[in-house]
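Undergrad: There's a structure below that I have some questions on.
Rule-based calculations on the coordinates, nothing more; no lab input. As the structure is a computational prediction, the values presented were derived from the model and not from experiment. Cβ sites come from the backbone with ideal geometry, for glycine too, and all protein chains shown count toward neighbours.
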Amino acid sequence: MSPPQPDPDDGPTGPSALLAALRERGPEAMAELIGDDGFLLGSILAAPEGMFEVEGRERRDYVNLLAKLQEARAVFDALEAHTVVALAEATRRDQREAARDEAGHEQGAEQSLDRVNARADGITRRDLSLMTMRSPSAAGHTVASARRLVTSMPHLLAAMGTGKATAAAVYAAAGAASVLDQHQCEEVDAMLHARLPDLSAAGTRKWKQAVAAAIGELDPEGSVLRHRRARRGRHVTFTPGEHGMATISVQMPAIEARLVRKRLSLEAERRLVEGAKGGHGALMVDALTDTVLGREDAMGQVALDVGVIITDRALFHPGSGDVAQIEGYGPVPAEAVREQLRAVTVDPIAPEQDTFGTDGPAVRAVIRRLYTHPTSGELVSMDSRARAFPPALGRFLSWRDSSCRGPFCNASSRHHDHITPHSRGGPTSADNGQDVCAHCNQKEDDALCVERVEDPERPGHRVAWTGYGGTTRVSAPLPLREPANTSDEDCADDPPPGGEGEGSSTLPDDSAPPPTGP
């Protein structure tokens, strides 16, 4: 929603005069305006009468109304962030004054400023919790993130207010940046602002991934320390549920968690093929239970693979700032995978020291060279004439897209999808392929149009999703790393035909050759 533009000719009761009066009277006037509008809208909600009767009205009428509601919500979300910060600062001011009055203006008797501010923030947190029906913990996170947005991340705050990013995504990004200082937050804000067109259809999951990648680049040493500290805190929790059910959660390194999930998923698929009853998720639980409790149907040892993409700099030179990418997870500090990669790529000095036992030679991973585009930072493509995506090409899509490419979808990818359906002549290629979840793979049923689009100013694999209401969102994969500036060091090896830039990936021995490279 764009603010009204001042017009000297709109008269004493026009928009400019109203805007000036609001600014002069401050929050009290804004509260009155919102209250008046809220009364009118609330009255319609209480007695809609014919407002939502579809007979005699065009579908477009409700599309326009919904669009205006989203614009208004975006403005209110940004205004709420400003208001929360102003409320927090006013509370701090009042508490400081109260502390001085209580001490009788004696300097030595005053409480420490940190203690006074902590009490003030507690009051703000409780008030916000009661007013917005958030938990106290969630309210506290909202206050901290709002302060970060207002003071250090103005581009993201503006994106939220103009509807270019959802409040959930922006607050998730601000929360993920909580480990950074103010200057680093400003740099992350600038980096995300530059990539905003590629994040216009991203869900909270990809926003968090984008922030994680930016943090890894800006603060590599801090990322290493935080990973080591988090690794020491791995644990298992038990949470009682309803109807005689419970949830067991495991906090563990991402690469191992990805392997565990893949093993359970493969076991569930095996049981389905053998005629087991139940859904895929339920059979994963059964497999986990049988194995942990040592039952007859426990899973046996198998060789698993997971795609890990990491630059040679990050693998061999800690502190380079490049992050690693785990297939189906996203960016992680290179520290999180460096030791595992070295362990599975180097033969032990003696066979009896092999952590993989006699299976070591069969499951040993190898390093294969991949190449990234120098501008977009994405992996380059490969083609196939088959209808189904062959294993190498399918894995390429998983590496490039990381998770479902559907707009705002936070699900893991399950299917390799033709953007232009194969039945309509769409080729089986990386350019016409994308990784999606099972729901988004049914795009022909609920989307008006899904197509590849080109943007000369923003090269890369961009897919436009258009709904029947006319709204279009463009989905793009996150770059594997921020494109490096051209230098002698970066250009030491000329890329082969079909790819530019460089990157490296670990693959199991039985994997197909990489899409590009020597």
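Undergrad: Give the cross-link partners of K164 among the lysines, using a straight C-alpha distance below 27 Å as the criterion and excluding same-chain residues fewer than 8 apart.
TA: K68, K206, K208, K443
Undergrad: Would you please name the GluC sites (Glu not before Pro) within the range 216-251 that are DSSP coil residues with at most 10 other C-beta atoms within 10 Å of their C-beta?
TA: E242
Undergrad: Another question about this same structure. How far apart, in nm, are the 7 Å Cα→Cβ label points at R234 and D181?
TA: 3.3 nm
Undergrad: Give the span of the range 114-165's Cα atoms along each principal axis, as three whole-Å numbers ordered largest to smallest.
TA: That gives 35, 26, 13 Å along the principal axes, largest extent first.
Undergrad: Still on this structure, I have one more. Assuming R0 = 22 Å, can you tell me the calculated FRET efficiency for the pair A388 and A276, based on Cβ-Cβ distance, to the nearest 0.05?
TA: So the FRET efficiency works out to roughly 0.30.
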